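In what follows, a structure is listed as structure tokens, so that the remarks can point back to it.
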Amino acid sequence: MKRSRVRERERLRAPVETTDPAALAAYAGALRPVVASLRTLAEDATAEPSRRVHARAFLRREILRGIRELEARIDAAAPVTSPAS
């Protein structure tokens, strides 16, 4: 695996300070391109076959990649809960 991929993965999984409004706004701003990309892919995937820009296999792969990225970012922002003792 390339080092840039490792750095990117670590950046995505970096903890997010949800109590700081500025940090939360920056976090939401970082999510916007991911959501915009997913919207574009989903619109293409649901278009009539003659109007699609990309192949279905590409669309599936990229949509799943975007969902995994969103999940990783949400997990990074989720508060850590301690198990009940």
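Quick note: the coordinates plus some simple rules give every number you see, no bench work behind them. What you see is a predicted model; the values in this text were computed from it and never measured. Heads up, the Cβs are rebuilt from the backbone with ideal geometry, glycines too, and the neighbour counts pull from every protein chain shown.
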Which net charge results for the neighbourhood of Leu38, defined as the other residues with beta-carbon distances under 15 angstrom from its beta-carbon, given Lys and Arg at +1 and Asp and Glu at -1? +2
Lys, Arg +1 and Asp, Glu -1 on Cβ, resulting dipole of region 1-72 about Cα centre, debye, nearest 20: 480 debye
Ignoring everything except DSSP H segments at least 4 long, calculate the 222 nm mean residue ellipticity for the chain; use -39,500 (n - 2.57) per segment, divide by total residues, nearest 500. -23000 deg cm²/dmol
Could you go through region 60-71 in sequence order and give the Karplus-derived ³J(HN,Hα) for each residue, using 6.51 cos²θ - 1.76 cosθ + 1.60 with θ = phi - 60°, rounded to whole Hz, and x for Gly and Pro? 4, 4, 6, 5, 5, 4, x, 5, 4, 5, 4, 4
Quick one: longest stretch of the chain between exposed loop trypsin sites (Lys or Arg not before Pro), exposed meaning at most 14 other C-beta atoms within 10 Å and loop per DSSP? 14-85
The extension gain from Arg52 to Arg32, computed as 0.36 nm times the residue separation minus the Cα-Cα distance, is 4.9 nm
Square roots of five times the Cα gyration tensor eigenvalues for region 24-77, Å: 26, 12, 6
The ³J(HN,Hα) series, computed from each phi in region 31-40 with the Karplus coefficients 6.51, -1.76 and 1.60 at θ = phi - 60°, rounded to the nearest Hz and given as x for glycine or proline, is 7, 3, x, 5, 5, 4, 5, 4, 4, 4
Cβ-Cβ cut-off under 15 Å around Ala25, Lys and Arg +1, Asp and Glu -1: the net charge is 0
